[in-house]
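Right, one structure below, let's go through it.
What follows draws every value from the coordinates through simple rules; no lab data is involved. Here the structure is a predicted model, which means the values were calculated and not measured. We place every Cβ from the backbone using ideal geometry, glycine too, and count neighbours over all the protein chains shown.
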Amino acid sequence: MNRESNIFLKAVASLVATVCLFAQPALADEVKQEPVYSTNELRIDPARAEEFHAFMKEAAVDTRAFDGNQYFAILVDEMDPGRVIFYQIWESKAHHAAYRAWRNETGFGALFFDFLVGGPTEGMESHYYTKLSD
């Protein structure tokens, strides 16, 4: 490679590095991530429904305080107290994943799943949603 080509390549590399250095924060500010909407529909042992409701009222305090949680509601079917829905809004899927990992690490999952009819595979259905623009 001749001297002029080498100087040209160094100049281009320097320019690219400068553009990337100053463009990244601006791009990060422009890209606004939408919140993550999630539901969990649960089938609770009807004989333990009241016990579960009390258990979750207490646990909800930590859920609502967890980093990235924007909203957490526990909805109980008026006709069937063993049918419960969690409606959640999280800052991102990464925040929600961190929350779920923390709950499992603390042993909460084992206590929680014990209330479900059929365990976690049959007693719970989870979904993520995208909000349509206004």
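The order of 75, 42, going from fewest to most other C-beta atoms within 10 Å of their C-beta, is 75, 42.
Separation of region 105-125 and region 55-86 by C-alpha centroid, Å? Taking the Cα centre of each part, region 105-125 and region 55-86 sit 14 Å apart. Neighbour counts of other Cβ atoms within 10 Å put 112, 72 in the fewest-to-most order 112, 72. The ranking of 105, 51 from fewest to most other beta carbons within 10 Å of each one's beta carbon is 105, 51.
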